[in-house]
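A short write-up of the structure that comes next.
The values are calculated or read from the model by the stated rules, or taken from the named source; none is laboratory data. Not measured: the values here are computed from a predicted model. Glycine gets a Cβ as well: all are built from the backbone with ideal geometry, and neighbour counts include every protein chain shown.
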Amino acid sequence: MNPAQGTEGDNVKKLVLLCFVVLLQGCGGKPFYLTTVSPPVELGDSAAVQSSKLLTSDHVDHGWASIGDKLLTVEEYGASQKSGQEVAAHAPTRRDFPRRAHWSGLYRFNVDRLDSLSSTRKMQGHGNVSPAVDKLLNKDLTGLTIFTTPDYYRGAIGVILDEQGHVATEEPLIQVTGGKAGRRWAMDYRGPFFVSTDAISGKPTTSWSLFYSGYRQGSYVLTLTSQTMNSQGRAQAQPEQTLYVSEQDLRQGTMVKGLFIQALAINEQGMLKLKIEDRR
């Protein structure tokens, strides 16, 4: 055998091996066990919303309502209030997750594609937990999505969440771009990644109350009073509205401005035991 041919053959083998390693590393792009989500799933962030607060009276919560009792008050707030979600978990990296940020589900995490990569993961230092262990500890690994935000390592590192928004797998933090794409980190936290942060603050712009005004003309009478706040922040009373509800409708349940009101019982003195649900 010609020594030159042997050297040339060794070089070819080295080139093939080098190409294989480059492919395994994803050439600095995302690993091949990630697929792009289109359109991305959007979570987190905060947004201006219309908020309201339902305040039922003690007569509704703890007993019977008699004639003249206030049944409830609804306070409505303007669109300047903030509502949204914030991150409940803490990151194992040097930089913690931003509490309030806009997160996008950009990739699906395909665990099945990792079945044959245990040795590859070990060689690349992607972690000590094998895909088989991931599957054992997470019985249903379908529908896993990786969420990233530009506010956390410029979107290069994301977190794996299941369909319920809970942190998933034993190594839920994963690098999705760059030369070390595929590197993963363990987290102790296993709960929901986001928690609701609906906030109502300041003074209401409108409020209205519902009173039980007795029984007249074969119907139960409900009186609706309301007030609005003017530009100077002063309350202005609005004209009262009188609602007549038959006993049959009251027992079956009637709707008043998006609230379901039902008489569970009516005694001989005309007192009402009510159920009130917000169905707006």
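One table, with the values for the structure above:
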{"read-out": "Counted residues, the range 141-171 - those being within 18 Å of the chain's Cα centre (by Cα) and within 13 Å of Asn110 (Cα to Cα)", "value": "8"}
{"read-out": "Check on Thr56, of a type in the set (S, T, N, Q) and either modelled with pLDDT of 85 or more or in the same structural domain as Ala168 (by TED's automatic domain parsing) (or both)", "value": "no"}
{"read-out": "Members of the range 263-279 found to be more than 18 Å from Gly68 (Cα to Cα) and at pLDDT 90 or above, listed by number", "value": "Leu264"}
{"read-out": "Condition met for Gln238 (of a type outside the set (Asp, Glu) and loosely packed, with under 12 Cβ neighbours inside 10 Å)", "value": "no"}
{"read-out": "Tally of residues being surrounded by 21 or more Cβ atoms within 10 Å (Cβ to Cβ), over 14 Å from His90 (Cα atoms) and of a type outside the set (Ser, Thr, Tyr) across the range 161-172", "value": "2"}
{"read-out": "Single unsatisfied condition, Glu171 versus (1) outside the structural domain of Ala101 (by TED's automatic domain parsing); (2) in contact with a helix residue (DSSP H, G or I) (Cβ under 8 Å, 6 or more places away or on another chain); (3) part of a loop (DSSP other than H, G, I, E, B)", "value": "(1)"}
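For every residue, the table says whether it meets (1) of a type outside the set (D, E, K, R); (2) in the same structural domain as Leu54 (by TED's automatic domain parsing); (3) modelled with pLDDT under 85; (4) under 30 Å from His59 (Cα atoms).
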{"position": "Tyr153", "(1), (2), (3), (4)": "yes, no, no, no"}
{"position": "His166", "(1), (2), (3), (4)": "yes, no, no, no"}
{"position": "Lys180", "(1), (2), (3), (4)": "no, no, no, no"}
{"position": "Arg183", "(1), (2), (3), (4)": "no, no, no, no"}
{"position": "Met187", "(1), (2), (3), (4)": "yes, no, no, no"}
{"position": "Gly214", "(1), (2), (3), (4)": "yes, yes, no, yes"}
{"position": "Thr254", "(1), (2), (3), (4)": "yes, yes, no, yes"}
